[in-house]
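What follows is a set of notes on a single structure, which appears directly below.
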Amino acid sequence: MKAEILKRIRIERYLFGIIMAFVMVFVAETAHEAEIIFPEICALTIGAWVSEQQPWMTNKRRIFILMSTAALFGVIVVKFFTTALIFQVCLCFAFTGFILTLFKTNFVPIISACILPVYLQTKSWIYPISVSLMSFIIILTQWLMEKYHFRPVNNFVPCEFNIKTQVIKWSKLLMVFGIIALIPFKTHQIYFLAPPLIVMFTELANPKSPARKKTHYIVGLMTFASAVGCILRLLLNELCGLPLYFCTALACIILFYAIDKLKIYFPPAGAILLIPMILDKYLLIKFPLEVFIGAVILSFCAITLFKQVYK
């Protein structure tokens, strides 16, 4: 498919992404079920719909299975593992590393899907059901886009993983994350390590990731996205009383415009954009600063501590 044709139809893909987020939050508000809101869905639309080339080596079946499994495991941890929050998060992090290796893919958004219910202490089965349903919509729409030439066909090639090196890689990731997490979790300031930031950390820790060449832009984009989400939630929803789904749609429009201009299609920015829609309103003022500080620390550690190529 010619590049000029793809550019002309990109607006339609952005529109689909906005509609997806809008409908998700609309249903959640109408049903009064906050667990339906899954911020990572915006990340998936950026990677699976908006971006010309899908940033993850995965196929549609793996997207559905892995997202569903990760979300379910996160809720199971909250319901049945009554231990310290930091240990619950590390357990989820380790589990996602295991299933990513098992399925031979680098589909790291599942990390956020698994850890988010732990942060929110979600015990409702509505969350994994919602994640499964929306993941199915994502892959079905991606298939339709490919069928009718709205985006290039995603050709999946399994990652060639050596089990020993993957164990070393994920052990190191878990150890570094655990050390970084000690202070935020001890002081109950966990959103310095918001789930999309953990996804960012994992992505940047891959020496082959193209995002490592744009670390400063990535940090800025993550901070910008979180600020947009917080400002719109505070001004339009909390102060003006407008529906949350209106804030969500407008936030997506602003972020999509920014990533289109920057040409940086970094999916975790979409997830961090929607995190403010599920936070307590009293956390919104400081959330962008927490994201900035967390992004700086995590990106620095990822770049400096992970230079070896793991195969």
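The values are calculated or read from the model by the stated rules, or taken from the named source; none is laboratory data. What you see is a predicted model; the values in this text were computed from it and never measured. Methodologically, a virtual Cβ is constructed for each residue, glycine included, from the backbone with ideal geometry; neighbour enumeration extends over all protein chains shown. Note: accessible area is taken over every heavy atom of the protein model, side chains too, but ligands, DNA and RNA are not part of it. Shrake-Rupley method; radii C 1.70, N 1.55, O 1.52, S 1.80 Å.
Test ILE86 against the criterion of being within 18 Å of the chain's Cα centre (by Cα) and at negative phi, and give yes or no. Taking the combined requirement at face value, the residue does not satisfy it.
Restricted to segment 202-244, and to residues there that are without any contact (Cβ under 8 Å) to a residue 12 or more places away in the chain and under 25 Å from ALA21 (Cα atoms), the residue that is surrounded by the most Cβ atoms within 10 Å (Cβ to Cβ) is ASN237. Please determine, by comparing only the residues of segment 256-285 that are free of Cβ contacts under 8 Å to residues at least 40 places away in the same chain and under 19 Å from LEU120 (Cα atoms), which one is least open to solvent (accessible area, probe 1.4 Å). So the residue we want is ASP280.
Being part of a helix (DSSP H, G or I) and either of a type in the set (Asp, Glu) or under 24 Å from THR101 (Cα atoms) (or both) is true for just one of LEU174, LEU182. Which residue is that?
After applying the criteria, what remains is LEU174.
Do you know which residues across segment 148-171 are farther than 17 Å from PRO207 by Cα, free of Cβ contacts under 8 Å to residues at least 12 places away in the same chain and not in a loop (DSSP other than H, G, I, E, B)? LYS164, the sole residue that qualifies. Identify the residue in segment 140-158 that is of a type in the set (Phe, Trp, Tyr) and surrounded by 12 or more Cβ atoms within 10 Å (Cβ to Cβ) and, among all such residues, is modelled with the lowest pLDDT. Result: PHE156.
Would you mention how many residues in segment 187-201 are open to solvent by 10 Å² or more (accessible area, probe 1.4 Å) and either at negative phi or touching a Leu at 6+ places or on another chain (Cβ under 8 Å) (or both)?
Filtering segment 187-201 down to residues open to solvent by 10 Å² or more (accessible area, probe 1.4 Å) leaves 187-192.
Subsequent filtering for residues that are either at negative phi or touching a Leu at 6+ places or on another chain (Cβ under 8 Å) (or both) retains 187, 189-192.
Residues that pass the stated criteria total 5.
Working only within segment 245-255, note down all residues that are open to solvent by 10 Å² or more (accessible area, probe 1.4 Å) and not small (Gly, Ala, Ser). Residues satisfying the conditions are TYR245, PHE246, LEU250, ILE253, ILE254.
With a requirement of 3 or more residues that are open to solvent by less than 60 Å² (accessible area, probe 1.4 Å), in contact with a Phe, Trp or Tyr (Cβ under 8 Å, 6 or more places away or on another chain) and not hydrophobic (A, V, I, L, M, F, W, C), the helices (runs of 4 or more DSSP H) lying completely within segment 1-100 that satisfy it span 3-31, 60-80.
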